[in-house]
Amino acid sequence: MMLLALLPCAVFFGLAAMFFSEPLLALPDDGSRADVIVVPGGDGQPRAEQAARLWKEGRSPYILVTGDGDCLFNKQIIVREGVPPSAIFVECYSGSTWQNARYSAPMMRKINAKSALIVTNWYHSRRAVASFRAVCPQMHFVSAPVNDSDEHIGFPTTRTDVEVIAKEYVKLGWYLLSGRIFPQDLTGHGPALNLSSICKSTEDGL
């Protein structure tokens, strides 16, 4: 009986999570410039093409491609789109969004980056930006989600959309519960810059 009583609540909250998926999961692009464009692994080509487009628009002088599996492929796409190899850095060891942030930190320190644009899919943008903020709390991170006309934004219309968004909610919840990210990392505003410590060292642990 208890389960039956809870079922309508579960359905309601499930539908609400899907209906409000865009404001809950996505961070918009504010059009600002940054020291580096970061491309996390996964769904490679759209993210790589978006990064190249932002570079050509003058939004940043460098691109950092991060993620095991498609890092070199993404670099090839970015070069093909007209970005010189000298402007591209590659990190090919990370296997998750959290590791994308942790393993990118030393490379961002190397170029003295104090701000970054995170290029990823809209539903992944809040967790991705939060992960980088948690690792580099004194840097300023801005979302620059993929502008893909084939990708539906907002309430899901297909089973695939529902699965992708549901998985993202689970991953976001796990990142919060595990202490990888904190609620303050999820907002649309970055911290005030304090350049005394740009990024946490990877030696602090994964």
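No value in this document is a laboratory result; all are computed from the given coordinates. Keep in mind that what you see is a predicted model, and the values were worked out from it rather than measured. For neighbour counting, all protein chains shown are included, and Cβ atoms are generated from backbone atoms with ideal geometry for every residue, glycine included.
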Tell me the label-point distance for the pair Thr158, Trp174, using the 7 Å Cα-to-Cβ offset, in nm and rounded to one decimal.
2.4
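Let me check I've understood the local charge: for Gly41, count other residues with C-beta under 12 angstrom from its C-beta, Lys and Arg +1, Asp and Glu -1. What total comes out?
On the way: positive: Arg47, Lys75; negative: Asp43, Asp68, Asp70, Glu91.
Once positives and negatives cancel, what remains is -2.
Over 27 Å between C-alpha atoms is what I'm after, so list which of Lys56/Lys171; Lys110/Lys171; Lys56/Lys110; Lys114/Lys167 land there.
Distance filter (> 27 Å) returns Lys56/Lys171; Lys110/Lys171; Lys114/Lys167.
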Karplus (6.51, -1.76, 1.60) ³J(HN,Hα), θ = phi - 60°, over segment 87-94, in Hz, Gly and Pro reported as x
9, 10, 10, 10, 10, 10, 10, 6
If I histogram all Cα-Cα distances within segment 32-204 using bins 10 Å wide from 0, what percent of pairs lands in each bin?
11, 41, 37, 11, 1
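Considering only the other residues whose Cβ falls under 13 Å of the Cβ of Glu57, what net charge follows from Lys and Arg at +1 and Asp and Glu at -1? All intermediate terms of the calculation are to be shown ahead of the outcome.
On the way: positive: Arg33, Arg53, Lys56, Arg59; negative: Asp29, Glu49, Glu81.
Net of charged neighbours comes to +1.
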Using label points projected 7 Å from each Cα along Cα→Cβ, tell me how many nm separate Ser32 and Phe20, to one decimal.
2.6
Amide H of Tyr62: which non-local residues (sequence gap of 5 or more, or other chain) have their own amide H closer than 5 Å, using H built in the peptide plane?
Ile37
Amide N of segment 37-62 lying under 15 Å from the label point, which is placed 7 angstrom from the Cα of Gln76 along Cα→Cβ
44-46, 48-49
Could you run the Karplus curve 6.51 cos²θ - 1.76 cosθ + 1.60 with θ = phi - 60° over segment 126-133 and give me ³J(HN,Hα) per residue in whole Hz, x for Gly and Pro?
5, 5, 5, 4, 4, 5, 5, 5
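Tell me, in nm to one decimal, what length is gained between Gln184 and Lys167 on full extension, where the rule is 0.36 nm per residue of separation less the Cα-Cα distance?
Numbers: separation 17, 0.36 × 17 = 6.12 nm, distance 2.17 nm.
Contour length minus the Cα-Cα distance gives 3.9 nm.
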List the residues, sorted by chain then number, that are 5 or more residues from Ile118 or on another chain and whose placed amide H is less than 5 Å from its amide H.
Val38, Val142, Ser143, Ala144
